[in-house]
Amino acid sequence: MNLHEYQGKTILASFGVGIQRGIVAQTPEEAVAAAKKLTEDTGTGWHVIKAQVHAGGRGKGGGVKLAKNLEDVKRIAGEIIGMNLVTPQTSAAGKKVHQVLVAEDVYYPGASETAEFYVSVLLNRATGRNMIMYSTEGGMDIETVAEHTPHLIFTEEIDPSVGLMPFQARKIAFNLGLSGTAFKEMTQFITKLYRAFVESDSSLFEINPVLKTSDDKIIAVDAKVTLDDNALFRRAEYASWRDEREEDPTEVEAKAVGLNYVTLEGNVGCMVNGAGLAMATMDLIKMAGGAPANFLDVGGTADAKRVEQAFRIILKDEQVKAILINIFGGIVRCDRVAQGVVDAYKNMGDSINVPIIVRLQGTNAVEAKALLDASGLAVHAAVQFQEAADKVKEVLQA
Ligand code: GDP
Ligand code: MN
């Protein structure tokens, strides 16, 4: 589950990690009140108004702006709230902004220069260990740094049996070119950040930029936090922060009825039981010259009601030109699934307007095929994988 910047910063602050302080606002009036409160609490005169959407690159899209007085705050908040923010990380349609974070300006002049760094914490899947990835090239997108100056990206892997060691935090601060107060601040920042990552059950922290202020404080100016969905059951407060407005509406609907569904870009809808078989089915569709429109795992109970829910969700996507149902009958019997398909089809009448290819294998597969063949519906029944693939190819070419 992804979080908004302000939510991510709330987690960081709760573990004592230094952050650019801010208050979230839904309206320009709330933004002004937030700015006044921040001035009282922090002494800041200038504020940054930051669009809260689940996408990075907001600055480039005009979603992060500096306000030098309260009139600016009101005007800029009014411009950003309600806008369709297009950034390098959104689709061309952009994302609607519902709220802004009013934050203290932290790029103030002072005794020394400010500096921007990149720090992330994530799992290295190759080694099964957490790692801290960091760079002196903060403030720009890390993919560009990785492409043009990969030698400026460093990683530090953490041994889970001992956790982050003090020498590792020092090494990071050293490699970032820091000394004196800023060096000490950075080692504390890294130590607390890593603890926050582990104890919040996160799967990604990306802090870009981490700022060294002109008075040598180290703070998170931005925060991209992804929580581990499998641990949300024990993080009730974080779970309650879910903002469904930021998620794919079809995926939200599928989740509500207990289907594992992910929207993709192709033209063949799939309905499969089991994640592994669903992946294999997507490969099969590719090999047949199509492209999967979705990933959908109906889980263990493929009865008429579930099949119907799955049909409805798949058919919301106008790209879908055919649907491939690939079910392995282990515990669930194929003839019952076939009956489910027939019943769902009859229930839905005209709303199924694309060819359906059903491949059922396992317990009672032959009976299932007979049932589908006898139904008189526009359903192509197959028992073998290859047969199903050939059928997909045939209907896509028709
Ligand atoms: P992103 O564009 O979505 O990654 O949003 P960020 O939170 O990283 O902000 C984008 C940029 O806005 C940062 O890289 C900074 O250069 C700038 N910015 C953020 N906070 C401040 C601030 O307090 N003062 C000023 N002057 N600029 C800021
Ligand atoms: Mn950023």
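Any read-out appearing in this document is the output of simple, stated calculations on the displayed coordinates, not a laboratory observation. Since the structure is predicted, the reported quantities are computational estimates derived from the model, not experimental observations. Note: ideal-geometry Cβ built from the backbone for every residue, glycine included; neighbour counts use all protein chains shown.
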Can you list residues whose amide H is under 5 Å from Gly362's amide H, if they're 5+ apart or on another chain and H is modeled 1.01 Å from N?
Gly329
Residue-ordered couplings for region 21-34, obtained by feeding phi - 60° into the Karplus form 6.51 cos²θ - 1.76 cosθ + 1.60 and rounding to whole Hz (Gly and Pro as x), are 6, x, 9, 7, 9, 9, 9, x, 5, 4, 5, 5, 4, 5
Apply the Karplus parameterisation 6.51 cos²θ - 1.76 cosθ + 1.60, with θ equal to phi minus 60°, to every residue of region 353-359 and state each ³J(HN,Hα) to the nearest whole Hz, in sequence, with x for glycine and proline.
10, 10, x, 10, 10, 10, 10
So what are the three principal axis dimensions of region 21-105 from its Cα atoms, in whole Å, longest to shortest?
39, 19, 17
If you line up the long axis of helix 304-315 against the longest principal axis of the chain, both from Cα atoms, how many degrees apart are they, to the nearest 10?
60
Region 1-91: trypsin sites (Lys or Arg not before Pro) falling in loop per DSSP and having at most 13 other Cβ within 10 Å
Lys68
Between Arg129 and Asp243, how high is the FRET efficiency from 1/(1 + (r/R0)^6) when r is the Cβ-Cβ distance and R₀ = 35 Å? Nearest 0.05.
0.70
Could you give the size of the charge dipole of region 96-202 about its Cα centre, using +1 on the Cβ of each K and R and -1 on the Cβ of each D and E, expressed in debye and rounded to the nearest 20?
360
Quick one: which residues, 5 or more positions from Ser214 or on another chain, have an amide H under 5 Å from its amide H? H modelled 1.01 Å from N in the peptide plane, none for Pro or chain starts.
Tyr108
Placing one identical point scatterer on every Cα of the chain and ignoring solvent, what is log10 I(q)/I(0) from the Debye formula at q = 0.06, 0.09, 0.11 Å⁻¹?
-0.34, -0.68, -0.89
Taking Cα atoms only, helix 180-199 is inclined relative to the longest principal axis of the chain by an angle, in degrees rounded to 10, of 30
Considering lysine pairs in region 21-105 that are 8 or more places apart or on different chains, how many have Cα atoms under 15 Å apart?
11
Dipole of the chain, positive direction: furthest Cα of Ala103, Val298, Leu176, with charges on the beta-carbon:
Val298
Rounded to the nearest 20 debye, dipole of the chain from Cβ charges on Lys, Arg, Asp, Glu
260
Evaluate the distance, in nm, between pseudo-label points positioned 7 Å from the Cα of Asp229 and of Asn84 along their respective Cα→Cβ axes.
2.8
Could you tally the net charge around Ala13, taking each other residue with its Cβ under 15 Å from the Cβ of Ala13, Lys/Arg +1 and Asp/Glu -1?
-1
Given Ala220, Tyr238, Thr250, which one lies farthest toward the positive end of the charge dipole of region 209-258, if we put +1 on the Cβ of every Lys and Arg and -1 on the Cβ of every Asp and Glu?
Ala220
Antiparallel %, DSSP beta bridges [both residues in the chain], to 5
70
Can you show me the helix-derived [θ] at 222 nm for the chain, built from DSSP H runs with n ≥ 4 at -39,500 (n - 2.57) apiece and divided by the number of residues, rounded to the nearest 500.
-11500 deg cm²/dmol
³J(HN,Hα) computed for each position of region 41-50 - Karplus, 6.51 cos²θ - 1.76 cosθ + 1.60, integer Hz, glycine/proline x
6, 10, x, 5, x, 9, 9, 10, 9, 10
May I ask for the net charge around Arg129, where only other residues with Cβ less than 14 Å from the Cβ of Arg129 are counted and Lys, Arg are +1 while Asp, Glu are -1?
-2
In the neighbourhood of Trp241 defined by beta carbon distances under 15 Å, the net charge of the other residues (Lys, Arg +1; Asp, Glu -1) is -3
Region 256-329-region 120-186 distance, computed between alpha-carbon centres (Å)
40
Determine which lysines satisfy two conditions relative to Lys286: a Cα distance under 17 Å, and not lying fewer than 8 residues away in the same chain.
Lys321, Lys391, Lys393
Over all Cα pairs of region 186-312, how is the pair count split among 5 Å bins, expressed in % and running from 0 up to the last occupied bin?
2, 9, 14, 15, 13, 13, 11, 8, 7, 5, 3, 1, 0, 0
Cα-based shape type of region 248-397, given that a ≥ b ≥ c are square roots of the gyration tensor eigenvalues and the cut on a/c is 1.5
rounded
Taking every pair of Cα atoms in region 305-358, average 1/r, invert it to obtain the Kirkwood radius, and report Rg/Rh to two decimals.
0.96
